[in-house]
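Let me begin by presenting the structure, written as structure tokens, before commenting on it.
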Amino acid sequence: MEGPFFNSVQLDKERCKGCINCIKRCPTQAIRVRNGKAVITKEFCIDCGECIRICPHHAKLAVYDSLEVIKNYEYAVALPAPSLYGQFNNLDDVNIVLRALKEIGFDDVFEVSAAAEIVSATSREYVEAHPEKKPFISSACPSVVRLIRVRFPNLIEHLLPIAAPVDLAAKIARERAIEKTGLPSEKIGIIFISPCPAKVSAAKSPLGLDFTNIDAVVAIKDVYPVLLSHMKNAAQGYEELSFSGKIGVGWGGSGGEAGGLLTDSYLAADGIENVIRVLEDLEDQKFSSLDFIELNACSGGCVGGVLTVENPYVAKAKLKKLRKYLPVAKFHQGDTELHGEYWDTKIEYQPVFKLGSDVKESIALMARVEELCEKFPGLDCGSCGAPTCKALAEDIVRGVARESDCVHLLRQYIHKLSDEISMLDNKKE
């Protein structure tokens, strides 16, 4: 689904103090400070959550659904992300978490990690069948897909055109629930338990898909404390609800998806700054010998999402320990005909950073940007409310800022004006 993009990351103006921490860390320069408050440019924002992570005043927040949303449906199915399992201490059986989810009000559960195993199998087939498109870039992280479509248009063709595990999980979960209950689709709620705001946005504005079966998205950090009080009781149960093995659960941390492709010819990078560095090198054709590139905007992978509670590297270690005694893959059930969903909508380049409407105008405006940059001191101090002098120049060209926003130019102007006034006074005397 292309067009207007829903943004989960939003600003709480009451809490914002107008500091410049966020503008310095935003990977797409989507934030400015104007009139003492931060302003997020929706078109530039990729919902990576870096501003939420860095804001000392907690003025950036992610918008998602309350756990109470399960009451809106006659039959609610939880879709736990594999990163959820890495939040708990001494967890040795995924079924404990799944049973606890049913105890807190869900009628059924279906693991995203189970769908991840199907996506891994489909990805292996697709990569093998299309060697001319290598290296393939993972499309599982919505922030990475959004980043590529606004900043790296030449790499769009390298995106793996397969739906994310959560979208496939939602489709399977709905079909199973309808068959099991006989209820109409609108009375069944498919609710994803998300580690990050990017996946909230992807559920509201799907990328590569015309439609998603996800009805609501709740945060891991909201579900976690509620689950804790039910874990002990859930540990006494015997209901087997887990359908995933090492490959599926491994998707929760960086390198897990690449591991599921069963190839050594891959690169896995996590953390948005590292992701950008890899994409820049890929654009320069430095990785032509690779089959697959896994990129996660959050450090450590999905376990590092800002809607989680555990340190990402501790959570990743917990997942590794949890996977130790699992089978390689578990979601068989005779469903050998199951395949991952392919995209039904092409990802289109979104030229949000483009200055002009055509080549001639763009060249003229870029020349104006260079001219302004020559005037500025090049300190990238952020005092103007923009992250860099070049960003301020581009804002001026777009008509949303003024040269006087640069405190250094303003000081020069005031000094010049003061000198002129002094000269006039001297002439009068």
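Brief remarks on what is shown
- Residues located in segment 74-124, provided they are under 23 Å from the mean Cα position of the chain (by Cα) and either charged (D, E, K, R) or outside the structural domain of residue 213 (by TED's automatic domain parsing) (or both): 111, 117
- Failed criterion for residue 190 (all others in (1) modelled with pLDDT of 95 or more; (2) in contact with a Ser or Thr (Cβ under 7 Å, 6 or more places away or on another chain) hold): (2)
- Within segment 212-240, the set of residues being over 19 Å from residue 91 (Cα atoms) and without any contact (Cβ under 8 Å) to a residue 60 or more places away in the chain comprises 212, 213.
- Those helices (runs of 4 or more DSSP H) lying entirely in segment 304-403 with at least 3 residues in contact (Cβ under 8 Å) with a residue 40 or more places away in the chain and either touching a helix residue (DSSP H, G or I) at 6+ places or on another chain (Cβ under 7 Å) or farther than 27 Å from residue 23 by Cβ (or both): 312-323
- Residue list for segment 189-233, restricted to those being of a type in the set (Asp, Glu) and either assigned to a loop (DSSP other than H, G, I, E, B) or in contact with a Pro (Cβ under 7 Å, 6 or more places away or on another chain) (or both): 210, 215
- Selection over segment 380-429 of residues that are at pLDDT below 90, hydrophobic (A, V, I, L, M, F, W, C) and surrounded by 15 or more Cβ atoms within 10 Å (Cβ to Cβ) gives a count of 2.
- Matching option when the condition is touching a residue at least 40 places away in the same chain (Cβ under 8 Å), in contact with an Asp or Glu (Cβ under 8 Å, 6 or more places away or on another chain) and not aliphatic (A, V, I, L, M), among 34, 53, 15, 99: 99
Residue-by-condition table, conditions (1) touching a strand residue (DSSP E or B) at 6+ places or on another chain (Cβ under 6 Å); (2) at positive phi; (3) modelled with pLDDT of 90 or more:
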{"site": "269", "(1), (2), (3)": "yes, no, yes"}
{"site": "274", "(1), (2), (3)": "no, no, yes"}
{"site": "282", "(1), (2), (3)": "no, no, yes"}
{"site": "295", "(1), (2), (3)": "yes, no, yes"}
{"site": "298", "(1), (2), (3)": "no, no, yes"}
{"site": "314", "(1), (2), (3)": "no, no, yes"}
{"site": "323", "(1), (2), (3)": "no, no, yes"}
{"site": "356", "(1), (2), (3)": "no, no, no"}
{"site": "369", "(1), (2), (3)": "no, no, yes"}
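- Applying the set (1) of a type outside the set (Ser, Thr, Tyr); (2) at pLDDT below 95; (3) within 29 Å of residue 351 (Cβ to Cβ); (4) surrounded by fewer than 16 Cβ atoms within 10 Å (Cβ to Cβ) to residue 135 leaves exactly one unmet item: (4).
- Sole residue being more than 17 Å from the chain's Cα centre (by Cα), in the same structural domain as residue 110 (by TED's automatic domain parsing) and more than 28 Å from residue 44 (Cβ to Cβ), chosen from 260, 255: 260
- Matching entry among 43, 117, 68 (being assigned to a helix (DSSP H, G or I), under 27 Å from residue 271 (Cα atoms) and of a type outside the set (S, T, N, Q)): 117
- Segment 173-188, subset free of Cβ contacts under 8 Å to residues at least 40 places away in the same chain and touching a helix residue (DSSP H, G or I) at 6+ places or on another chain (Cβ under 7 Å), residue surrounded by the fewest Cβ atoms within 10 Å (Cβ to Cβ): 185
The values are calculated or read from the model by the stated rules, or taken from the named source; none is laboratory data. The structure displayed is predicted, hence computed values, not measured ones. Don't worry about glycine lacking a Cβ; one is built from the backbone with ideal geometry, like all the others, and counts go over all protein chains shown.
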